[in-house]
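Here is the structure we will look at.
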Amino acid sequence: MGFIKCNVGFSWSPYHQRAGASWLVRDSSGKALYHARRAFFGITSSHHASMSAFAWASEAMADLKLDRVLMEVSTGMIRQVLNHPESFMYLSDLVERSNVAALRFSSCRLQMVPTTCNTLVMEIAESVTRDRRWESYVATHGPAWLEPRIRQEASTTTFA
């Protein structure tokens, strides 16, 4: 209790060197509070795509002045980069941005979850690269057309 959960998703198009990213914030009862999506250009690897999404989401949580945050991701790439930044020097600015954002929280946790817990954010991120939805947005609540799935996904996941 007392944590909000931020699910983070990303997609990557190696041919176009573009990535899509999205996040969805819920309270401890599973109610959607905020959601967002955006595109990134000049993305050279899946590690670059995943860290771009994670750094962006971390900064957004700090900018929204959320205090106790559980960041849920479905890829080990983010943890790999954060635990071994010396192996990913080309991502050092994204690691630094993530770390600076984390300092603004009283508590922040990174949790690996099965992809079934992140299907919504992954689908939104994939719509960026697949459907060329380059427009970014941040909105309150969840997208209305996904509300039934947000409730369903919330009922199958747990909080730390």
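Some points to look at:
- Residues located in segment 14-28, provided they are surrounded by fewer than 17 Cβ atoms within 10 Å (Cβ to Cβ) and touching a residue at least 60 places away in the same chain (Cβ under 8 Å): His16, Ser28
- Lone qualifier among Ala39, Ala57, Ala21, Ala62 - being in contact with a Lys or Arg (Cβ under 8 Å, 6 or more places away or on another chain) and farther than 15 Å from Trp134 by Cα: Ala62
- Sole residue being buried (at least 19 other Cβ atoms within 10 Å of the Cβ), closer than 15 Å to Cys108 by Cβ and not aromatic (Phe, Trp, Tyr), chosen from Met61, Met51: Met61
- Single condition His16 does not satisfy, out of (1) at pLDDT below 95; (2) touching a strand residue (DSSP E or B) at 6+ places or on another chain (Cβ under 7 Å): (2)
- Any hit, segment 64-77, residues being within 16 Å of the chain's Cα centre (by Cα) and within 19 Å of Tyr137 (Cα to Cα): yes
- Residues of segment 119-160 satisfying the condition of being modelled with pLDDT of 85 or more and assigned to a helix (DSSP H, G or I): Thr119, Leu120, Val121, Met122, Glu123, Ile124, Ala125, Glu126, Ser127, Val128, Thr129, Arg130
- Filtering segment 51-86 to residues that are at pLDDT 95 or above and among the small types (Gly, Ala, Ser) leaves Ser52, Ala53, Ala55, Ala57, Ser58, Ala60, Ala62.
- When Ser58, Ser46 are checked against the criterion of being touching a strand residue (DSSP E or B) at 6+ places or on another chain (Cβ under 8 Å), closer than 16 Å to Arg26 by Cα and among the hydroxyl-bearing types (Ser, Thr, Tyr), a single residue qualifies: Ser58.
- Gly30 meets all of the listed conditions (1) part of a loop (DSSP other than H, G, I, E, B); (2) at pLDDT 95 or above; (3) touching a Ser or Thr at 6+ places or on another chain (Cβ under 7 Å) but one, namely (2).
- Among the candidates Ala53, Ala57, residue that is without any contact (Cβ under 8 Å) to a residue 60 or more places away in the chain and within 14 Å of the chain's Cα centre (by Cα): Ala57
The values are calculated or read from the model by the stated rules, or taken from the named source; none is laboratory data. Here the structure is a predicted model, which is why all the values come from computation and not from measurement. Using ideal geometry, Cβ is built from the backbone for each residue, glycine included, and neighbour counts are taken over all protein chains shown.
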